[in-house]
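A.B. asks: Mind looking over this structure? Questions follow.
The values are calculated or read from the model by the stated rules, or taken from the named source; none is laboratory data. Nothing here was measured: the structure is a model prediction, and the numbers come from that model. All Cβ positions, even for glycine, are placed from backbone atoms using ideal geometry, and neighbour counts span all protein chains on display.
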């Protein structure tokens, strides 16, 4: 059962990992904006997962982009609720399109809001379970193979040095070159650099918010669990941003201490951290090693972070899975807390192809099998598909 342990952890979070890693940078203006005024027309787009066809066809159908993928939506608002990464092979093209539309839309009075999903945070932190060889290949160049061979040499040398530094208390077993190449395909190193804090896509991802309120609707990827309803929307954004900053600081610290390599995945970082702690075995350390143990220990607890936790706003599936009888009251209470009327979320793909409205129009689930968008205009919520439009909800409709 999900208890108040998680809630207590996130309330005390700033006094834990953040103080342990020093004071982090101030929140950027892009994250502070948890509320935007409504405009005449809004279109929400759910999970894309590297499918350029899915995003282009529905944006053209909604009249937001033309055949050249240029913004023609005027003063409309486009909200993409995260999970544009992984699975599909056109991840770069999708990101480039969203980034370009963010620049183009304001020139005609429009705006494009792109939110973080769980897959964006996974990529930032190196959880690459859903990154395919085709995605890696899109980042490769004619020097990728050479870089990989050199990286493997660094990897072997790293293990030898760590075994020696730890007095062979824990002997690591590094992968051979062939096995390592299978799990680190061509484009892997370039992909990780691009998603790092200084990379083109990494910088952009770290600037995105997790949740936004526009008019009387709240948009986010997963959902808001009642356990975190005490957090204001801007606090949710601030905490997730600081968690990403904390992760970057932790990784940088580990690399400088030579206990990890800069291109390590999250799985490799976790294995290295456990090996390091196992070797120390809880014996006495000097002050420098004591700090390392503290940071390693905190790193291995990142599953409790708001950005990673299964009940956090990027991962929660409550809006899709709560039973009608109990979920209706929970959603009503959440909307009253945030002074809103609707939630619009992705994350949980439906078996049926279309957008689903739940709890009398209070929740809209927009992660669909088929290309679709949710249009909100003049109090009317309309599902946009390639072959039709379907009104799902309208304020003032007494029949609903």
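A.B. asks: Could you please give the count of residues in segment 197-219 that are in contact (Cβ under 8 Å) with a residue 60 or more places away in the chain and closer than 27 Å to residue 152 by Cα?
C.D. replies: Residues flagged as in contact (Cβ under 8 Å) with a residue 60 or more places away in the chain and closer than 27 Å to residue 152 by Cα within segment 197-219 amount to 2.
A.B. asks: Further question: Could you check segment 54-77 and list, in sequence order, the residues that are touching a strand residue (DSSP E or B) at 6+ places or on another chain (Cβ under 8 Å) and under 16 Å from residue 108 (Cα atoms)?
C.D. replies: 64, 65, 71, 72, 73, 76, 77, listed by residue number.
A.B. asks: Determine whether segment 161-178 contains at least one residue that is buried (at least 17 other Cβ atoms within 10 Å of the Cβ), closer than 30 Å to residue 91 by Cβ and out of contact with any strand residue (DSSP E or B) (no Cβ under 6 Å at 6 or more places or on another chain).
C.D. replies: No; the residues of segment 161-178 include none that is buried (at least 17 other Cβ atoms within 10 Å of the Cβ), closer than 30 Å to residue 91 by Cβ and out of contact with any strand residue (DSSP E or B) (no Cβ under 6 Å at 6 or more places or on another chain).
A.B. asks: Output the residues belonging to segment 95-120 that are in a helix (DSSP H, G or I), touching a helix residue (DSSP H, G or I) at 6+ places or on another chain (Cβ under 7 Å) and within 20 Å of residue 348 (Cα to Cα).
C.D. replies: 120
A.B. asks: Among the residues of segment 179-215, what is the count of those that are farther than 18 Å from residue 126 by Cβ, more than 22 Å from the chain's Cα centre (by Cα) and surrounded by fewer than 16 Cβ atoms within 10 Å (Cβ to Cβ)?
C.D. replies: Number of matching residues: 1.
A.B. asks: So residue 303 ticks every box in (1) assigned to a helix (DSSP H, G or I); (2) touching a residue at least 40 places away in the same chain (Cβ under 8 Å); (3) under 22 Å from the mean Cα position of the chain (by Cα) but one. Which box is left unticked?
C.D. replies: Exception for residue 303: condition (2).
A.B. asks: Sticking with this structure for a sec: Which one of these is more than 17 Å from residue 251 (Cβ to Cβ) and either in contact with a helix residue (DSSP H, G or I) (Cβ under 9 Å, 6 or more places away or on another chain) or in a helix (DSSP H, G or I) (or both): 179, 154?
C.D. replies: Checking each option against the conditions leaves just 179.
A.B. asks: Condition first: surrounded by 17 or more Cβ atoms within 10 Å (Cβ to Cβ) and modelled with pLDDT under 95. Now tell me which residues in segment 239-264 satisfy that.
C.D. replies: Result: 259, single match.
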